[in-house]
Amino acid sequence: MTISVPTAPSRTASDLFRALRPLLAAEARAEAAGEGVDPGDLEQAVWLRLLELLDGEGPPADPAGWLRRAVQAEARLARRRTWRELPHPAPQAATGDAACPERAALTEEWRRTLRDAVRRLPGRCPGLLAAMLSPTDPTYREIAGALGMSQGSLGPMRSRCLGCLRRMLAAEVAAPGQRGKER
C-alpha cells in the first residue's frame, strides 16, 4: 500500500497524521485481533510514539514502514503486560449471608464479558453457543431444530466454537499460573 506523505519542507504533524490515519486504523485492527488488545489503545500508543519522534528526531523517512513496526511493537508490549496480569476467577453465585451487591455486580460483569465474547465469534458459533447458554437449557434436538442443522453436527461444531472462544479469551486474559521472568 502506498501512502502519499507530504514532502519534507511542507510536512506538518497534521498532514502526517491525516496521511497515516487510515493505515494506522487498519494495522491496529489487524494486530489487535491477534494479540487480544483494543485497537483504539494501539492507535493511541502509536500516535504518542509518533508525537515523541516528531518532537525529537523529526518525521520518519519511511512513515508507512515506521508505522507498521510501531504498531507491532506496541502490540507486543500490550501482550507482555497481559501476561503479567492474573485473571480473577469467575465469581460463584452468592446465596444467604454471602449475597452482596459487589458479588452480584462481579457475577454480572463476568457473564456480560462471556456474552460479548460469544457474540464476536465467527460464523454460526454465536447462535450455537447462545442457544447452549440459554437459561431454558434446551436439548440438542431443540437447538438443532432452531438452528436448522443436524443434531449430529452440533457436538463437533460446539467443540470448534469453544476452542475458538478459548483462544479468544486466552488472548484477552492471561492464563493463570503464567511463569517466566518479568521485564
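The set of residues in the stretch 123-141 being in contact with a helix residue (DSSP H, G or I) (Cβ under 8 Å, 6 or more places away or on another chain) and either β-branched (Val, Ile, Thr) or more than 23 Å from Arg111 (Cα to Cα) (or both) consists of Arg141 alone.
Looking only at the stretch 104-123, decide whether some residue is at positive phi and in a loop (DSSP other than H, G, I, E, B). Yes, the conditions are met somewhere in the stretch 104-123. Only a single criterion out of (1) surrounded by fewer than 16 Cβ atoms within 10 Å (Cβ to Cβ); (2) under 19 Å from Gln72 (Cα atoms); (3) at pLDDT below 80 is not satisfied by Ala13, namely (2).
Basic (Lys, Arg), at pLDDT 80 or above and open to solvent by less than 80 Å² (accessible area, probe 1.4 Å), is that true of Arg68? Answer is yes for this residue. Scanning the stretch 141-174 for residues that are in contact (Cβ under 8 Å) with a residue 24 or more places away in the chain and in a helix (DSSP H, G or I) yields a total of 13.
Thr82 passes every criterion in (1) part of a helix (DSSP H, G or I); (2) modelled with pLDDT of 75 or more apart from (2). Checked against (1) under 21 Å from Ala33 (Cα atoms); (2) modelled with pLDDT under 85; (3) assigned to a loop (DSSP other than H, G, I, E, B), Gln92 meets all criteria but (1).
The values are calculated or read from the model by the stated rules, or taken from the named source; none is laboratory data. A quick note: this is a predicted structure, and the numbers were derived from the prediction, not measured. Using ideal geometry, Cβ is built from the backbone for each residue, glycine included, and neighbour counts are taken over all protein chains shown. Remember, those area values only see protein heavy atoms, side chains included, never the ligands or the DNA or RNA. Shrake-Rupley method; radii C 1.70, N 1.55, O 1.52, S 1.80 Å.
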